[in-house]
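Just below is one structure, and these are the notes that go with it.
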Amino acid sequence: MPVRQLPEQVVNRIAAGEVVERPASVVKELVENAIDAGASRIDVFTDGGGRRRIGITDDGGGMTARDLSLAVERHATSKLDDEDLLQIRTLGFRGEALPSIGSVARLAITTRHASEPHAWALNVEGGEKSEIMPAALAHGTRVEVNDLFYATPARLKFLKTDRTEAEAIREVVRRLAMARPEIAFTLAGEERAPVTWAAALPGVAGRLTRLGDILGAEFRSHAIEVHAEREGVVVAGYAAAPALTKANALGQYLFVNGRPVRDKLILGAVRGAYADYLPRDRHPVLALFVTLDPREVDANVHPAKTEVRFRNAGLVRALIVHGLKDGLAREGRRTAANSGESALSSFRPAFTPRPASWDWRQSPSAPVAPMPSFDGAAAPAFAERAQAAFDVGAPSADVRIESQPVGDLVDRPLGAARTQIHETYIVSQTRDGLIIVDQHAAHERIVYERLKASLAANGVQRQILLIPEIVEMDEATVERLLERSEELASFGLAIESFGPGAVAVRETPSLLGKTNAGGLLRDLSEHMAEWDEALPLERRLMHVAATMACHGSVRAGRRLRPEEMNALLREMEDTPNSGQCNHGRPTYVELKLSDVEKLFGRR
């Protein structure tokens, strides 16, 4: 078959296939044009999920009659001063959006420039351009797209339901509204009630206000400011504390020079920064804005401009990791699930009130002995007998009230330890509430941070076992451990082969004290099975440290003395990131006195 030149209409429809994937793509291109035009307000209206109608109105600079005529031609743009594609300072620059949309839909544009006596209107249907006509419009531009894909009916079969397409449009507008808090946005349509995001003040406060309006009040209350800068690259924004997570990465919003993007490099950096704070199946919520010289980033690597390529990708990744880690460490204790709302919602009335005429002494389940009188000294006995009245068998909790001086400890952030329940949780009293601490999770974070600090300073101190401990495992597991023996040795765990299917443990980290080497090695081997060579050495070492910390910390079920409980609280106050253990679970929950009073109807 000979080579031939394709007709212009076919070329335009091929180009439209790259730019106009679905109604949300049309909204994205048109809203970006409005932003580039300097609009301070943008209104978006859709019908039928965008397939029947899309309307975008802005109060930007508008176009002259000559500009309007050229705007619907292919590769015509006002956003490039010259042919330098490395100086992209606008969201759009290719000049393909309007002609691509006009080739597959009915496009109507009405616009007015400040230098013109009146507005001008132009229609494009299936790629056919009409004459420019005078029109009425106060200022800015109004673009209407009707019957999307009517010129290419086959594309309609690939669209989803109206509700799904409308949600995709909503997500596009949300992202653009996050990037430009100084612009007011309104999103309306038959599929939803109108949503308006008012223009916010410039600066950091305005950005948080817009993010809170879009992501919700919960994000605003958990938001931690992120800022890092080096060599002309700035990473700023807000990240939610680890107490607020999602089951997927859809709550991560990333922007490069004001352009919403989905970049694997940035997503990987976010995952690495939160590795010490979240379980592997949870994802953080954040909005990060990367600003750098346009020459240092290529925005022309994807037809829809949703991906970018950095000249110095390592610097960008390092700044993101540093900024997130610095913010999380700075708010280490606040990042715990301390709001108390989730804890309060789990409380239920302890019992159902009986009628006034009911006599407990006549009840078949009544205790044989009369109820003892209560005083402070008889508190433990009272707790045991009261429990026995409602439960046959061993008591379900060990509540030991300690008589100890409180002093000024109640003024400390984590208060003064008052008792231990279920030999797992420490209850402490603060000046304005109470705190419940998971002793294992808290000590796990303390040991983990010690291991990291020791490794960074001069290596982990180790202890030589008088008699090496032999651990038997399957041969594949043994080989996996021996391949990583040097990495394990850097943490003071020295192992060597002891024949097929066995490993000899000769040294263990001193910080862990007496530990179960077999259980530790089995847990490490399970983590290593998920590693690949792409995982950086630093992350692998931190996985090892986290597993060791879990085995070397105070276990649930261990009875603690009052001085041990208070010592643990003081160490938590001095330890970075003590709000979570290294698996991402909260180490403590705080209830304010006002919250407790609400439970009992005092407020």
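The values are calculated or read from the model by the stated rules, or taken from the named source; none is laboratory data. If you're wondering where the values come from, they're calculated on a predicted model, not measured in any experiment. Don't worry about glycine lacking a Cβ; one is built from the backbone with ideal geometry, like all the others, and counts go over all protein chains shown.
The rows are residues; the columns are (1) assigned by TED's automatic domain parsing to the domain that holds Thr90; (2) among the small types (Gly, Ala, Ser); (3) farther than 18 Å from Ala34 by Cβ; (4) part of a helix (DSSP H, G or I).
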residue: Glu171; (1), (2), (3), (4): yes, no, no, yes
residue: Ala177; (1), (2), (3), (4): yes, yes, no, yes
residue: Thr209; (1), (2), (3), (4): no, no, yes, yes
residue: Glu229; (1), (2), (3), (4): no, no, yes, no
residue: Ala243; (1), (2), (3), (4): no, yes, yes, no
residue: Ile266; (1), (2), (3), (4): no, no, yes, yes
residue: Ala269; (1), (2), (3), (4): no, yes, yes, yes
So which residues in region 108-129 are surrounded by fewer than 18 Cβ atoms within 10 Å (Cβ to Cβ) and either among the aromatic types (Phe, Trp, Tyr) or within 17 Å of Ala34 (Cα to Cα) (or both), if there are any at all?
Ala114
For region 127-136, which positions are part of a loop (DSSP other than H, G, I, E, B) and touching a Gly at 6+ places or on another chain (Cβ under 8 Å)?
Gly127
Being among the charged types (D, E, K, R), closer than 21 Å to Leu215 by Cα and over 13 Å from the mean Cα position of the chain (by Cα) is true for just one of Arg295, Arg317, Arg262, Arg311. Which residue is that?
Arg262
Would a scan of region 65-87 turn up a residue that is in a strand (DSSP E or B), surrounded by fewer than 22 Cβ atoms within 10 Å (Cβ to Cβ) and either at pLDDT 90 or above or not assigned by TED's automatic domain parsing to the domain that holds Ile169 (or both)?
no
Of residues in region 182-209 being among the aliphatic types (A, V, I, L, M) and within 19 Å of Arg52 (Cβ to Cβ), the one surrounded by the fewest Cβ atoms within 10 Å (Cβ to Cβ)
Ala193
Go through the residues of region 143-159 one by one and say whether even a single one is charged (D, E, K, R) and in a helix (DSSP H, G or I).
yes
Within region 149-202, how many residues are hydroxyl-bearing (Ser, Thr, Tyr) and within 17 Å of Val31 (Cα to Cα)?
2
Give the residue, chosen from Leu156, Leu98, that is surrounded by fewer than 17 Cβ atoms within 10 Å (Cβ to Cβ) and modelled with pLDDT under 90.
Leu156
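How many of the residues in region 559-581 are assigned to a loop (DSSP other than H, G, I, E, B) and crowded, with 16+ Cβ neighbours inside 10 Å? Please lay out each step first, then the result.
Taking region 559-581 first, the residues assigned to a loop (DSSP other than H, G, I, E, B) are 559-561, 575-579, 581.
Adding the requirement that they be crowded, with 16+ Cβ neighbours inside 10 Å leaves 560, 575-579, 581.
Going through region 559-581 one residue at a time, the tally reaches 7.
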Could you tell me which residue of region 390-422 is farthest from Pro562 (Cα to Cα), considering only residues that are in a helix (DSSP H, G or I) and at pLDDT 50 or above?
Asp411
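Please find, among Val308, Val297, Val301, the residue that is of a type outside the set (Asp, Glu), at pLDDT below 80 and within 30 Å of Glu29 (Cβ to Cβ). Working first, answer last.
Working: Val308 fails: at pLDDT below 80; Val297 fails: at pLDDT below 80.
Sole residue among the options that is of a type outside the set (Asp, Glu), at pLDDT below 80 and within 30 Å of Glu29 (Cβ to Cβ): Val301.
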Could you identify the single residue in Leu455, Leu434 that is within 30 Å of Arg570 (Cβ to Cβ), of a type in the set (A, V, I, L, M) and either touching a Pro at 6+ places or on another chain (Cβ under 8 Å) or modelled with pLDDT under 80 (or both)?
Leu455
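I need the full set of residues from region 130-142 which are crowded, with 23+ Cβ neighbours inside 10 Å and not small (Gly, Ala, Ser), in order please.
At the first step, the residues of region 130-142 found to be crowded, with 23+ Cβ neighbours inside 10 Å are 140-141.
Hit for region 130-142 is Thr141, nothing else.
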